[in-house]
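Below you'll find the structure, written out as structure tokens, and then a few comments.
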Amino acid sequence: MAERFRQILDDLSLSPLFQNFVYEKIDSIESCKNLTDVELSRLGTSTIGDRVRFREKIKQA
């Protein structure tokens with residue numbers, strides 16, 4: 001998961017958030033599909049657009 005997930009975050013210009021996911025033990029792309037807006041915000045996605053783009057990319061993964 002780590003390398004593919006890092007690439008997804010990098011593609012979205014969200015790579016600085018990788019350590020937040022590691023800290024919260026979110027360790028699979030599958031588990032990312034179930035994250036709520038509140039959880040994504042707590043992980044550091046500060047805009048609605050970032051959250052929408054993140055979800056779209058994760059669905060494709």
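Each reported figure results from applying straightforward, stated rules to the coordinates on display, with no laboratory input. Just so it is clear, the model here is predicted, and its values are computed rather than measured. Neighbour counts are summed over all protein chains in view; Cβ atoms, including those assigned to glycine, are modelled from backbone coordinates with ideal geometry.
Under a model in which nothing but the beta-carbon of Lys, Arg (+1) and Asp, Glu (-1) is charged, the chain shows a dipole of about 100 debye around its Cα centre. Kirkwood analysis of the Cα pair distances in the stretch 17-61 returns a hydrodynamic radius of 10.5 Å. The distance between label points at ARG42 and ILE29 comes to 2.5 nm (points 7 Å beyond Cα on the Cα→Cβ vector).
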